[in-house]
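In what follows, a structure is listed as structure tokens, so that the remarks can point back to it.
Just so you know, all these numbers are worked out from the coordinates, no wet-lab data involved. Quick caveat: nothing in here was measured; it's all calculated off a predicted structure. Here Cβ is always computed from backbone atoms with ideal geometry, including for glycine, and neighbour counts include all displayed protein chains.
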Amino acid sequence: MQPNYDFYRIQKLPPYVFAVINEMKAKARAAQQDVVDLGMGNPDGQTPRVIVSKLVEAARNARNHRYSQSKGIPRLRDEIVQRYARNYGVALDPEKEAIVTIGAKDALAHLLFAVIGPGDVVVSPNPCYPIHQYGVIMAEGEACTVPMPNPAAFLNSLEDLYRKSAKPPRMILISFPHNPTTQCVDLDFFKEIIRMASQHGTMVLHDFAYADIGFDGYKPPSILEVEGAKEVAVEIFSMSKSYNMAGWRVGFCLGNPKMIAALARIKSYLDYGVFQPIQIASIIALRECEEDTHKIRAMYQKRRDVLIQGLCRAGWPVEPPRGSMFVWAPLPERFRHLGSLEFSKLMMEKALVAVSPGVGFGPLGEGFVRFALIENPHRIRQATTAIKRMLKD
Ligand SMILES: Cc1ncc(COP(=O)(O)O)c(C=O)c1O
């Protein structure tokens, strides 16, 4: 007799929409075709040299080969706390208000697992980064997705929700600069979120993965800058984009001590912490690599400009984003009937450009595609020239 392979949690996770495009990309590349990959938000730049050197040095020391601490070594927690003081004027206790995580994804998934239970409503904008919705579903909460044509409309819908719904949300889960829509907010938006959350006893989780990727002088605010934010909110900071350390898997959860303690408890059962040499190298990143972060930001800005100009020349005008590493583009009028998945397939077939179909980020992402700025300006120009040809045909 066969075991029952209808796994309870897996059934709730639909197959990854992006897999279709990834397969097409792999096939085209196997056939020696030159695909410009603007699909996944996977940074192409190298980690700054001093960070890599520190990793190598620390990896040679046998003391660093043992299990580390699941909540992160104290010196790394001190360092992130100092960065928050320096960059945002936010004071945090490194013992109770900061924890190291295995990237932002670990922080998101396990924090939800720790603090959300059956029936708890978690509100987040739609479209969204998939774990924002499926992390809630895996924790058996109710993912309540609210449209976000713009941040002000999201706030209005949230007000409405509090007014009309019998059960107030247990958590608001947001992320700005936003993936995939690239929308950005100012501190006043966060003040409103914290005001509503404090009034109704709702937790707030802010995923700050693009903390350092703001353009034209825009500096994305931290939600913890809002007075009293720590009473209800935590923020997740990731090393992946700010320091080109995506593969290293390091991030942090900062703020409300009760939520941090819950995450620490769950993680104490699940992991032994990030490999210690990676934590030691991350201290150097936070302490010495601010200049590298500026260069990374400038690089994305340049790529954004090249892509927006190229799309405009192709007859596809798109609003330039203020932040994030993406461009979120409504389908050109003539192709709207196809939907985002078919249009993305067409782009692969006809222009050899890989993008992410908006529908992969939720139903309200339909009608858009997302370009990730992960190829150099020359390659981006190559992509927009091919797109121009495709749109003319
Ligand atoms: C909004 C958002 N949060 C989190 C992540 C993942 O970050 P990390 O590499 O730290 O797990 C991403 C990656 O693309 C993201 O877009």
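Think of it as helices only: each DSSP H run of n ≥ 4 in the chain is worth -39500 (n - 2.57), and spread over all residues that comes to -13500 deg cm²/dmol at 222 nm. Note on residue 219 and residue 388: with the Förster distance fixed at 41 Å, the Cβ-Cβ geometry gives a FRET efficiency of about 0.75. Report the residue, chosen from 53, 68, 165, that carries the largest GNM mean-square fluctuation when the chain is represented by alpha-carbon nodes joined by springs under 10 Å. Of 53, 68, 165, the Gaussian network model singles out 165 as fluctuating most. Gain on full extension, evaluated as 0.36 nm per residue between residue 309 and residue 93 minus their Cα-Cα distance, stands at 73.2 nm.
Counting only DSSP beta bridges with both residues in the range 200-310, tell me the antiparallel percent, nearest 5.
Once the DSSP bridges in the range 200-310 are tallied, antiparallel ones form about 50 percent.
Just checking the listed ones, 61, 179, 256: in the Gaussian network model of the chain with Cα springs under 10 Å, the one fluctuating most is 61. Rounded, prolate or oblate: which fits the range 141-226, taking a ≥ b ≥ c as square roots of the Cα gyration tensor eigenvalues, rounded meaning a/c under 1.5, else prolate when a/b beats b/c? Prolate shape, in that a/c is at least 1.5 and a/b is the bigger ratio. Given +1 at the Cβ of Lys and Arg, -1 at the Cβ of Asp and Glu and no other charges, the dipole of the chain around its Cα centre is 800 debye to the nearest 20. Between residue 52 and residue 200, the C-beta separation translates, for a Förster distance of 35 Å, into a calculated FRET efficiency of about 0.15. The order of 271, 207, going from fewest to most other C-beta atoms within 10 Å of their C-beta, is 271, 207. A Förster radius of 56 Å, combined with the Cβ-Cβ distance separating residue 298 from residue 1, puts the computed FRET efficiency at roughly 0.35.
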